[in-house]
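Heads up, the thing below is written out as structure tokens.
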Amino acid sequence: MTPHDTIDDAATARAVIDEHGTLVEWNAGARRLLGWPAADVVGRPAAELLADGSVPVPAGPRWDGTLPLRHQDGHRVRVWLLAHHRPPREDRPAHWLVVTPLEAAGPGSPDDPLATAALTQSPCAVAVYDERLRLNRINDAMAEVIGLPEEHIQGLRLSEIGGKAQSEELEAHMADVLATGRARDVQTYLRTGGDARAHAWLARIAPVTDAEGRVRGVCLAAHDFTENYLSWERLQLVNEAGVRIGTTLDVTRTAQELADVCVPALGDFVSVDLLDADDEGAAPPAPINAPVGLRRAAHRSITPGTPEALVEPGHLELYPATSPQAASLTAGRTVVASVPSGDLDAWLSRDHRRSARDREYGIHSTMSVPIRARGLTLGVAVLTRFRRPDPFTPDDVLLAEEITARAAVCVDNARRYSRERETALALQRSLLPRGLPRTRAVDAASRYLPAARSGVGGDWFDVIPLSGMRVALCVGDVVGHGIEASATMGRLRTAVRTLADIDLAPDELLTHLDDLVVRLSEGTGGDSSPGEVGTTCLYAVYDPVSRRCTLARAGHPPPVLVPPTGAARPIELPAGPPLGLGGLPFESAELDVPEGSVLGFFTDGLIENRERDVDASHALLLDALAISSDSLEETCDRVLHALLPPGGVPDDVALLLARTRGLPASQVSTWDIPADPALVAPIRKQVVEQLDTWELSAASFTAELVVSELVTNAIRYGSQPIRLRLIHDAATLICEVSDASHTAPHLRRAKAWDEGGRGLLLVAQLTQRWGSRHTEQGKTIWAELALLDLD
């Protein structure tokens, strides 16, 4: 026998009426009472069963009273009825459940355990149900809880008396106790017939046995522990708010977490609106006067899709002085208002959309709580109730203020972080290249992504044009995040550009940069040690004439080479220590790079991922770069999409791709120069003839003077071998004179009585740039002529 087998359905007359007044259910007890079979009444208006035709209008979710009903044989039957309104559920629409008992289970004989139970002496609400789970007796306390006298409800089941889902659950527990004979405790939270608001109940359900130990019924003793329950619930909610609010330093996310915590614990619909600041992350304006402009940061509803919201997130709304939002902000305290009291009439009369919304959803109470932290008013949280019938209580106000105060600190922290992050981003953007220069050596594309949570870091990249149409490619990463890391990055990038301008080899450049980082480390504090400002760097120089690339790295991930034909592969380089350790050497590597190859430079943020190891990231990077594409911009996007997780990166990411170009041999001409001043004139003639061949006759006069001066200086002050090289493209003619001496010339202004010293001054006046660079064999003096200026 199952627990529900003891229930006698015919002992109660029960009918179900839908919202249109049509009978949709009719049980055997109802037929027993009025004689009508279900087939004759189901689907017909329930009002046809009323003898006088008067239909009662219930004022709430429960109604009871005596009505004259029409029996099948035509006579009138006066019956006391109890009606419950049941809201809609997924498996059924809203309806009214109407019941009346047919059999009143009396007290029985004097030795009946149901009759001898000391109901009247119990300090709590007690009810006794018989073997059919029909009410037998209740005491005065239970009658007060139910709100109905004993004589009216004797013989009804608990689910018929309560009419709610919680009552059905309690009845199921009673049936189990009746079947097993084992008592149990059940906690529930519901509104009973005698109260306007829900209470927390602890129900002790125990079997009632006779002298032989047979279970003859069930005793239900209910204890109201609402205050303890609400105190525990408030404590739990405060603890939950401390855990769930402020998980990130994002203002919008924090506002959404506040709304999520408050629904449904405090309100059925919660909106969080923030005051606009002068700039991102700055303090909002003060003092606050109505009307108040508020921007919706977040909202949450117990209804899916949040249909109650009239303002979308991100939208700015102006609230008049009569609104709860403005009243709360201008007063600087929590404001509780309700529709029945007329507190909202002035506002709703001016806002027809809100008035219609409130009527549609039955909104009856609002509570507006200012969001304040560190003396600043940041916004307001508005809690609304429409499904919960009870208004906001003083305890609700205290709880909402406690949770909002915690959230306000998190919102303010997020605002301050946003301001610092935007400052660091602005500094970072100002220090990084605004655009990559167009060079004859490479086509380049780049990407920089700041860290999503920890803020801007010190990653950087650069493309630096060098003499002889060469180009330097650099990527670096400063340890740390924030403004300090960005400022350090700016100093190092400037240092790299300065050192690149004097044409140092990659290993020599890193050595000088290492010295600088050591000095920066020693300058950050009295007890700081070398390496505190840790930095990694990769520096490469590509020559389009020789199509060779020289690289060196300081603790940085090696680059990737994607040749025009063949598989992508990492370039093997000596690792080198990170910058800042001091005293350790750096080594360069040189390799041939076919024209059309792609060189990939990146920081460790691209390949370090919690979900996979570095080797797996390298494989993904090689696969993404191996896909042929004419656009480096598309390749950059493809690489980031393949390696980075959605929703932001945990560390800064810098990516630089460069496709190499070669200079045809027809655009380069070289002469070996004997150490004889008398041969300078024939060299000038050969230069003029070569320029005529290149159809650059307009540059002949200037080039002849520059070549004459540079070659003469090399013969006079340099060492053999001496070599002259001319390089040209559409816009530039480059004259280079190399010799074996390591002594570099210096430009000085010649005095009127000086016999020499005017040669380099003349070169500087005739060219757009000139300079010198040291090589393993000696030095090279170079000068660039702008061909477009000679047209």
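For segment 230-421, the relative contact order comes to 28 percent (Cα pairs under 8 Å, sequence separation of at least 6).
Shape class for segment 464-508, computed from the alpha carbon gyration tensor (a ≥ b ≥ c): prolate, with a/c not under 1.5 and a/b above b/c. Between Glu695 and Leu584, the simple spin-label model (points 7 angstrom out along Cα→Cβ) gives 5.5 nm. Placing +1 on the Cβ of every Lys and Arg and -1 on the Cβ of every Asp and Glu, with no other charges, gives segment 666-790 a dipole of roughly 480 debye about its Cα centre. In the chain, taking the dipole from charged Cβ atoms about the Cα centre, the farthest positive-side position among Pro745, His481, Phe386 is held by Pro745. The length gained on full extension between Thr303 and Val243, counted as 0.36 nm times the residue separation minus their Cα-Cα distance, comes to 19.2 nm. Quick check: from the Cα gyration tensor, does segment 432-660 come out rounded (a/c under 1.5), prolate or oblate? The shape class here is oblate. Here the relative contact order of segment 558-650, from alpha carbon pairs under 8 Å that lie six or more residues apart, stands at 28 percent. Using the Cβ of Gly53 as centre and a radius below 13 Å, the other residues enclosed give a net charge of 0, where K and R count +1 and D and E count -1. Placing +1 on the Cβ of every Lys and Arg and -1 on the Cβ of every Asp and Glu, with nothing else charged, gives segment 230-421 a dipole about its Cα centre of roughly 100 debye. Magnitude of the charge dipole for the chain, about its Cα centre and with charges confined to Cβ atoms of Lys, Arg (+1) and Asp, Glu (-1), is about 1120 debye. Computed 3J(HN,Hα) for segment 173-187, one whole-Hz value per residue from the Karplus formula 6.51 cos²θ - 1.76 cosθ + 1.60 where θ = phi - 60°, is 5, 4, 5, 5, 5, 4, 7, 9, x, 10, 6, 8, 10, 10, 9, glycine and proline marked x. With contacts taken as Cα pairs under 8 Å and at least 6 residues apart, the chain reaches a relative contact order of 6 percent.
Where only DSSP H runs of four or more residues are counted, the chain gives -9500 deg cm²/dmol as its mean residue ellipticity at 222 nm, each run worth -39500 (n - 2.57).
All C-alpha pair distances within segment 3-101, sorted into 5 Å bins from zero, spread as 3, 12, 22, 27, 20, 10, 4, 1, 0 percent across the bins.
Candidates Pro307, Thr660, Leu237 compared by Cα position along the dipole of the chain: farthest toward the positive end lies Pro307, with charges placed on Cβ. In this calculation the C-beta distance from Arg374 to Arg491 is compared with R0 = 35 Å, giving a FRET efficiency of 0.55. The slack between Arg353 and Ser719, meaning 0.36 nm per residue of separation minus the straight C-alpha distance, is 122.6 nm. Toward the positive end of the charge dipole of the chain, with +1 on the Cβ of Lys and Arg and -1 on the Cβ of Asp and Glu, the farthest Cα among Trp36, Pro101, Ser669 is that of Ser669. Subtracting the Cα-Cα distance of Arg182 and Arg204 from 0.36 nm times their residue separation leaves 6.8 nm of extension gain.
Between Ala39 and Asp501, the distance separating the two model label sites (each 7 Å from Cα on the Cα→Cβ line) works out to 10.5 nm. For the chain, the longest principal axis of the alpha carbon atoms and the long axis of helix 352-361 meet at an angle near 50°.
Highest mean packing first, where packing is the average number of other Cβ atoms within 10 Å per residue, the peptides 677-687, 488-498 line up as 488-498, 677-687.
Extending 7 Å from Cα along the Cβ direction at Ser430 and again at Arg253 yields two label points whose distance is 2.8 nm.
Ignoring the sites themselves, the chain has its longest run without GluC sites (Glu not before Pro) in a DSSP loop having at most 11 other Cβ atoms within 10 Å at 213-571. Placing R0 at 56 angstrom, the Cβ-Cβ distance between Leu316 and Ala740 gives a FRET efficiency of 0.15 after rounding to 0.05. A cut-off under 11 angstrom between Cβ atoms defines the neighbours of Thr303, and their net charge, with Lys, Arg +1 and Asp, Glu -1, is 0.
Each principal axis of segment 666-790 carries a Cα extent, and these read 37, 32, 27 Å when sorted largest first.
Read-outs throughout are calculated quantities, based only on the coordinates presented, and are distinct from any laboratory measurement. This structure is a prediction, so every number in the text was calculated from the model and none was measured. Because the Cβ atoms are built from the backbone with ideal geometry, glycine has one as well, and the counts that use them run over all protein chains shown.
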